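Have a look at the structure below, then the notes.
The values are calculated or read from the model by the stated rules, or taken from the named source; none is laboratory data. Remember, it's a predicted structure, so these values are computed and weren't measured experimentally. Cβ coordinates were reconstructed from backbone atoms using ideal geometry, including for glycine residues, and neighbour counts include every protein chain displayed. For accessibility, only protein heavy atoms count, side chains too; no ligands or nucleic acids. Shrake-Rupley method; radii C 1.70, N 1.55, O 1.52, S 1.80 Å.
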Amino acid sequence: QVTVVESGGGLVQAGGSLRLSCTASGHTLNMYAVGWFRQAPGKEREFVATINGGGGTTYYADTVKGRFTISRDYAKDTVYLQMNNLKPEDTAVYYCAARAVGAPTIGTDGYDYWGQGTQVTVSS
């Protein structure tokens, strides 16, 4: 059983930064593709960013491109989402998801394991 855990959410003012972390128990994340998704109240869960198992390929939603960076630390078996220049519209619960293959995908149905989410609130 793989359990994915997110951390690092919080309250920040517009223009600020946060770094989210994603770890797992039960299996190493290092060979899995990992994605970040978010869900705002009343909206569907949407893709934010993803990284492949090798770490060399990343994809971003247009809404976060240039502001967010996904990366992974193999030694710490952790995937990060660095979020800079945050905007109020970035407010959402952020979810980390792992895919039991190395190739990344932007669809929610492509991921096998999901965390419980971490709240990010950006005040104006």
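What to note about this one:
- Note on segment 55-86: residues that are closer than 14 Å to Arg99 by Cβ and open to solvent by 60 Å² or more (accessible area, probe 1.4 Å) total 1.
- Matching residues, segment 38-48, being open to solvent by 60 Å² or more (accessible area, probe 1.4 Å) and closer than 15 Å to Met83 by Cβ: Glu46
- Scanning segment 16-37 for residues that are of a type outside the set (Phe, Trp, Tyr) and either closer than 14 Å to Thr50 by Cβ or open to solvent by less than 50 Å² (accessible area, probe 1.4 Å) (or both) gives Gly16, Leu18, Leu20, Ser21, Cys22, Ala24, Leu29, Asn30, Ala33, Val34, Gly35.
- Selection from segment 103-124 of residues that are open to solvent by less than 30 Å² (accessible area, probe 1.4 Å), out of contact with any Asp or Glu (no Cβ under 9 Å at 6 or more places or on another chain) and either among the small types (Gly, Ala, Ser) or part of a strand (DSSP E or B) (or both): Gly107, Gly110
- Among the residues of segment 37-92, just one is of a type in the set (Phe, Trp, Tyr), touching a helix residue (DSSP H, G or I) at 6+ places or on another chain (Cβ under 9 Å) and closer than 18 Å to Val5 by Cβ, namely Phe37.
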